[in-house]
Amino acid sequence: MDTATAAKLGPKASGTSALLLLLHMRTFVALILVFGFFALAAPNFLSTANMLIISKHVALNALLAIGMTFVIIAGGIDLSVGSIVGLCAMVAGYLVLYGIDLGIGWSIQFNTLEICLMVLVVGVFIGLINGILITKLNVAPFIATLGTLYVARGAALLFSDGRTFPNLGGNPEYGSDTFKLIGSGTLFGFPLSVWIMAVVALLAAYLAARTPLGRHIYAVGGNERGAALSGVNVDRTKLFVYMFSGLCAALVGLIISSQLQASHPATGETFELNAIAAAVLGGTSMSGGRGRIGGTIIGAFVIGILADGMIMMGISSFWQTVIKGLVIIAAVVVDQIQQKLQARVILQQQAN
């Protein structure tokens with residue numbers, strides 16, 4: 001709404017416009033408020049060591065949330081990402097420790113790059129399965145990804161009969177000793193995981209804003225039938241977003257197993273909730289067709305700072321879960337209020 005129109009419609013319209021601007025910037029405002037609160041209330045919150053820890057946690061959540069953002073924009077949901085993280089962590093641990101046993105007294109060993117590529121393929125493949133279930137077999141996204149959640153988690157448990165793969169330091173003889181650098185290495189003083197997140201975020205933002213595929217993702221989520229009639233390959237677009245989500249989850253599995261130098265089949269439990277929370281808090285509409293990667297990154301910072309700050313203040317893990325749930329509900333409610341206000345402003349503009 002421009003100044004002339006606002007003047008015509010009077011103080012009420014100007015107030016509505018100001019409220020819309022505030023709602024549009026709600027994630028950034030929430031980030032400032034959360035950061036300011038814990039900076040004052042939590043001891044050592046602003047220490048360099050704590051900032052580095054928070055950045056690592058935010059990077060993991062942001063990676064998952066980037067993939068989740070594309071899925072939600074396209075009108076879907078991916079509940080399986082946490083289990084994909086766990087399965088990919090177990091695959092990485094197994095490959096580092098044992099390679100691939102040929103069953104004849106010989107095994108194939110891999111270097112770090114080969115291990116990473118194989119783990120990423122696993123994540124993309126599970127995303128492809130999700131996409132096929134949804135596009136070719138017409139299974140609802142919630143049900144399809146809920147099913148793969150259980151399948152992937154069960155497969156992670158089967159990998160080691162529920163045990164942990166420890167001591168993933170790698171073997172210099174095979175070139176896998178650099179595996180630990182993925183999670184513990186730094187570049188210019190920042191953890192490599194943060195740089196990985198930044199690269200993925202930039203690529204995702206470019207794809208969403210500057211490519212035909214990005215426009216197709218928004219079109220499918222906004223009006224699937226209209227997009228199909230316009231010549232958009234809906235099935236291919238949906239396949240891409242679920243495969244991309246699987247790729248992001250696989251990256252998180254690699255980073256966590258490298259950071260801990262151990263793989264546990266329970267890795268990634270409830271991670272999907274944090275990813276959804278970050279995406280929704282960042283302005284991604286659960287009804288599809290709307291969302292921004294930049295908003296999702298800020299949302300991931302809000303969730304990460306909130307989680308770490310509550311831990312530093314000694315807040316019970318039970319209350320932490322309650323608060324995260326309330327944050328998701330509040331984000332959806334505020335999004336609905338913003339949409340209604342935008343519709344009202346449009347009607348007022350058309351009337352004048």
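The values are calculated or read from the model by the stated rules, or taken from the named source; none is laboratory data. Computed from a prediction, not measured in an experiment: that's the story for all the values here. So basically every Cβ, Gly included, is an ideal-geometry build from the backbone, and we count neighbours across all protein chains shown. Please note that ligands, DNA and RNA were not included when accessible areas were found on the heavy atoms of the full protein model with its side chains. Shrake-Rupley method; radii C 1.70, N 1.55, O 1.52, S 1.80 Å.
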*Going by the structure shown, is Thr267 surrounded by 24 or more Cβ atoms within 10 Å (Cβ to Cβ) and farther than 29 Å from Gly162 by Cβ?*
no
*Just wondering, is there one or more residues in the range 309-330 that are open to solvent by less than 20 Å² (accessible area, probe 1.4 Å), in contact with a helix residue (DSSP H, G or I) (Cβ under 9 Å, 6 or more places away or on another chain) and among the β-branched types (Val, Ile, Thr)?*
no
*Would you point out which residue out of Arg344, Arg292 is basic (Lys, Arg), closer than 20 Å to Ile32 by Cα and either touching a residue at least 40 places away in the same chain (Cβ under 8 Å) or in contact with a strand residue (DSSP E or B) (Cβ under 7 Å, 6 or more places away or on another chain) (or both)?*
Arg292
*Given the structure, is Thr69 modelled with pLDDT of 85 or more, surrounded by 14 or more Cβ atoms within 10 Å (Cβ to Cβ) and of a type in the set (Ser, Thr, Tyr)?*
yes
*Scan the range 84-104 for residues that are touching a residue at least 40 places away in the same chain (Cβ under 8 Å) and assigned to a loop (DSSP other than H, G, I, E, B) and report the count.*
1
*Within the group Leu273, Leu213, Leu247, Leu202, which residue is open to solvent by 40 Å² or more (accessible area, probe 1.4 Å), over 28 Å from Leu146 (Cβ atoms) and of a type outside the set (Gly, Ala, Ser)?*
Leu202
*For residues that are open to solvent by less than 100 Å² (accessible area, probe 1.4 Å) and either assigned to a helix (DSSP H, G or I) or at pLDDT 95 or above (or both), tally how many sit in the range 152-173.*
8
*Which one is most open to solvent (accessible area, probe 1.4 Å), of the residues in the range 174-199 that are outside any helix (DSSP H, G or I) and touching a Ser or Thr at 6+ places or on another chain (Cβ under 8 Å)?*
Phe190
*Could you look through the range 37-59, keep only residues that are open to solvent by 10 Å² or more (accessible area, probe 1.4 Å) and either modelled with pLDDT of 95 or more or among the small types (Gly, Ala, Ser) (or both), and pick out the one that is nearest to the chain's Cα centre (by Cα)?*
Ser55
*State which residue pairs qualify: first residue on the phi > 0 side of the Ramachandran plot and inside the range 250-272, second residue open to solvent by 10 Å² or more (accessible area, probe 1.4 Å) and of a type outside the set (D, E, K, R) in any location, beta carbons under 7 Å apart, and separation of 6 or more residues or different chains.*
Gln261/Asn167; Gln261/Gly169
*For Val29, work out the one condition from (1) at pLDDT below 85; (2) open to solvent by 70 Å² or more (accessible area, probe 1.4 Å); (3) farther than 30 Å from Ser80 by Cα it doesn't fulfil.*
(2)
*Could you tell me whether the range 189-200 includes any residue that is closer than 23 Å to Cys116 by Cα and among the polar types (S, T, N, Q)?*
yes
*Under the condition of being more than 14 Å from Gly131 (Cβ to Cβ), in a helix (DSSP H, G or I) and among the hydrophobic types (A, V, I, L, M, F, W, C), which residue from the range 220-244 is most open to solvent (accessible area, probe 1.4 Å)?*
Leu229
*Selection count, the range 132-141, where residues are closer than 20 Å to Ala250 by Cα and open to solvent by 50 Å² or more (accessible area, probe 1.4 Å)*: 1
*Inside the range 115-128, can you point out the residues that are β-branched (Val, Ile, Thr) and under 19 Å from the mean Cα position of the chain (by Cα)?*
Val119, Val121, Val122, Val124, Ile126
*Sole exception among (1) farther than 15 Å from Thr148 by Cα; (2) open to solvent by 10 Å² or more (accessible area, probe 1.4 Å) for Val122, by number*: (1)
*From (1) closer than 30 Å to Leu133 by Cβ; (2) β-branched (Val, Ile, Thr); (3) crowded, with 24+ Cβ neighbours inside 10 Å; (4) touching a strand residue (DSSP E or B) at 6+ places or on another chain (Cβ under 9 Å), pick out the condition that doesn't hold for Val96.*
(1)
*asked:* Just the residues that are over 11 Å from Tyr174 (Cα atoms) and surrounded by 11 or more Cβ atoms within 10 Å (Cβ to Cβ), please, taken from the range 102-112.
replied: Ser107
